[in-house]
Ligand SMILES: Nc1ncnc2c1ncn2[C@@H]1O[C@H](COP(=O)(O)OP(=O)(O)OP(=O)(O)O)[C@@H](O)[C@H]1O
Ligand SMILES: [Mg+2]
């Protein structure tokens, strides 16, 4: 086990020679693209599944199955499809995050209290207007939970992907640490990955959840 | 504006067998009338206003709402059903927004309606910050903001405590007098019906049919504690007693009300007397 001191040294060095900043930016860039795509696919898919029994019985059941599959299983396929490229890793991230977002959106929509829908209808909202003005806002807390879950799945998938194959990124530094038997570097990198995850959850998702809970009256004053 | 139901049936696909909620309902509500519908638990009381509001279709028969240019009836529920993410004022503006009324006008109407239910100072509050009675008043303001010719109310005060309910009875009578709306009000509480209505329709236990009609010709404003009102309520209750018992027999397991070993001598058909 490396001493805390050597881990600290590895951290200072990594930030000093800019290898951590560069890696963090590379990983976050992939996250933004992959997670963004997962949201862009996951939310509409969840809406569609909640809306149509036909889609639920077909794609919906597939989504439930796919959700249990560790996303790294997609990497070999991704490498065959996209070659050794950025696209392959981003594909793994998308597959890791999309279905948990889809499931949360679908559940959120289906759990919207019928009373609110009836209230919306009797006040004249129908179709798209009812969805936009009632269903979506009512499902928003559940959707946010799904987004948070999706983020952590995306982060895990990204690290797994980078670990197995990539040119840049935090996962790559982990591999270098292993290849050179540099345990301090490995631990320092794990720390960086952990702290990044914590920062996002602490400064992005938690405030958003708190704000929603306060607004929606889900939280005691 | 007139509501007319002709030979209306409503059936549901129950778990084991189809359930007839409403059977051959015929009724008319005159413009400006305050009509109460009273019936035992599960007799289709909530189904009827849903039909009139167009939230459900009758299985047979027709529900004619002669709304013309005046807009559709608006339904008010037992739980206020306010949108928790909107302030009280935005809730009241909801229907106006759907109709694309300009913002300034929306605001004006919302404040006016909140004034009518005396909630103006809570315009910026969120629903979860209101008491039960205040929520219900906000829901009434939200419905009135659309200036519907007909208000449909499904046990709107059932979840309130007795004092608040008394106040709401006074408020609703005042609002009705001030606005001249047609009101179809559903309740299982005979006294409440007699207190509010010009005319009370009594419904049978499920399948719900209309059993009797009682005209209430007492001076307003009335209060449930009014002794003359108690007399009329007694008459209505006598008419309903059988139906209440029938509904109880359907909804409770037989013998459920009796402690172990003390089942009534006359067998499973007998149930405790009505409340
Ligand atoms: N969507 C539905 N599916 C199946 N059965 C239904 C449905 N809605 C109502 N019912 C049945 O129809 C009957 C009448 O329902 P309704 O809600 O109109 O009764 P109610 O008089 O309002 O009852 P309560 O006094 O409990 O409010 C009930 O027996 C109920 O079980
Ligand atoms: Mg009901």
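The values are calculated or read from the model by the stated rules, or taken from the named source; none is laboratory data. Small disclaimer: the values here were computed from a predicted structure and weren't measured. FYI the Cβ positions are ideal-geometry reconstructions off the backbone, even for glycines, and counts take in every protein chain you see.
In the condition set (1) within 16 Å of ligand 1 (Cβ to nearest atom); (2) assigned by TED's automatic domain parsing to the domain that holds residue B:177, residue B:34 is compliant with all but (1). Selection of segment A:80-127 for residues being within 14 Å of another protein chain (Cβ to nearest Cβ) and over 30 Å from residue B:73 (Cβ atoms) yields only A:108. The single condition from (1) more than 22 Å from residue A:8 (Cβ to Cβ); (2) part of a loop (DSSP other than H, G, I, E, B) that residue A:153 fails is (2). Only one of A:215, A:133 is within 30 Å of residue B:93 (Cα to Cα), at pLDDT below 90 and buried (at least 18 other Cβ atoms within 10 Å of the Cβ). Can you tell me which? Criteria check complete, one pass: A:215.
Taken over segment B:1-23, the criterion of being away from ligand 1 (no atom under 15 Å from the Cβ) and farther than 30 Å from residue B:220 by Cβ is satisfied by B:6, B:7.
Of the residues making up segment B:24-53, those that are away from chain A (no Cβ under 14 Å), more than 13 Å from ligand 2 (Cβ to nearest atom) and either crowded, with 20+ Cβ neighbours inside 10 Å or part of a loop (DSSP other than H, G, I, E, B) (or both) are B:25, B:29, B:30, B:31, B:32, B:33, B:34, B:35, B:36.
State whether one or more residues within segment B:98-113 are in a loop (DSSP other than H, G, I, E, B), under 27 Å from residue A:127 (Cβ atoms), within 12 Å of another protein chain (Cβ to nearest Cβ) and within 20 Å of the chain's Cα centre (by Cα). The answer is no, given that none of the residues of segment B:98-113 is in a loop (DSSP other than H, G, I, E, B), under 27 Å from residue A:127 (Cβ atoms), within 12 Å of another protein chain (Cβ to nearest Cβ) and within 20 Å of the chain's Cα centre (by Cα). Taken together, the criteria exclude residue A:166 from residues that are out of contact with any helix residue (DSSP H, G or I) (no Cβ under 6 Å at 6 or more places or on another chain) and touching a residue at least 40 places away in the same chain (Cβ under 8 Å). Scanning segment B:146-173 for residues that are out of contact with any strand residue (DSSP E or B) (no Cβ under 9 Å at 6 or more places or on another chain) and over 10 Å from residue B:117 (Cα atoms) yields B:147, B:159, B:160, B:161, B:162, B:163, B:164, B:165, B:166, B:167, B:169, B:170. Looking at B:216, B:224, B:235, just one residue is within 17 Å of residue B:184 (Cβ to Cβ), away from ligand 1 (no atom under 16 Å from the Cβ) and in the same structural domain as residue B:248 (by TED's automatic domain parsing), and that residue is B:216. Take the conditions within 25 Å of residue B:221 (Cα to Cα), assigned to a loop (DSSP other than H, G, I, E, B) and away from ligand 1 (no atom under 16 Å from the Cβ) and apply them to residue B:148. Does it pass? In short, yes.
Here is a yes/no grid of residues against (1) in contact with a helix residue (DSSP H, G or I) (Cβ under 8 Å, 6 or more places away or on another chain); (2) within 16 Å of ligand 1 (Cβ to nearest atom); (3) assigned to a helix (DSSP H, G or I):
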| position | (1), (2), (3) |
| --- | --- |
| B:152 | yes, yes, no |
| B:169 | yes, no, yes |
| B:174 | no, no, yes |
| B:185 | yes, yes, no |
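Looking at segment A:135-144, is at least one residue away from chain B (no Cβ under 14 Å), touching a residue at least 40 places away in the same chain (Cβ under 8 Å) and touching a helix residue (DSSP H, G or I) at 6+ places or on another chain (Cβ under 9 Å)? No, the conditions are met nowhere in segment A:135-144. In the list B:104, B:159, B:145, B:125, which residue meets the criterion of being under 27 Å from residue B:47 (Cβ atoms) and away from ligand 2 (no atom under 16 Å from the Cβ)? After applying the criteria, what remains is B:145.
Here the condition is being crowded, with 20+ Cβ neighbours inside 10 Å, in contact (Cβ under 8 Å) with a residue 60 or more places away in the chain and within 16 Å of ligand 1 (Cβ to nearest atom); of B:193, B:158, B:139, it holds for B:193 alone.
Do we have residue B:62 as closer than 26 Å to residue B:221 by Cα, out of contact with any helix residue (DSSP H, G or I) (no Cβ under 6 Å at 6 or more places or on another chain) and surrounded by fewer than 16 Cβ atoms within 10 Å (Cβ to Cβ) here? For residue B:62, the condition - closer than 26 Å to residue B:221 by Cα, out of contact with any helix residue (DSSP H, G or I) (no Cβ under 6 Å at 6 or more places or on another chain) and surrounded by fewer than 16 Cβ atoms within 10 Å (Cβ to Cβ) - is not met.
Identify the single condition in (1) at pLDDT 90 or above; (2) touching a helix residue (DSSP H, G or I) at 6+ places or on another chain (Cβ under 7 Å); (3) in a helix (DSSP H, G or I) that residue B:139 does not satisfy, given that it satisfies every other one. All conditions pass for residue B:139, except number (2).
Counting only residues that are within 14 Å of chain A (Cβ to nearest Cβ) and within 13 Å of ligand 1 (Cβ to nearest atom), segment B:54-95 holds 7 of them. Scanning segment B:1-23 for residues that are without any contact (Cβ under 8 Å) to a residue 40 or more places away in the chain and assigned to a strand (DSSP E or B) yields one hit, B:12.
Of all the residues in segment B:57-84, those that are outside any strand (DSSP E or B) and within 13 Å of ligand 2 (Cβ to nearest atom) number 3.
Among the residues of segment B:42-53, those identified as within 12 Å of ligand 1 (Cβ to nearest atom) and closer than 20 Å to residue B:151 by Cα are B:44, B:45, B:46, B:47, B:48, B:49, B:50, B:51.
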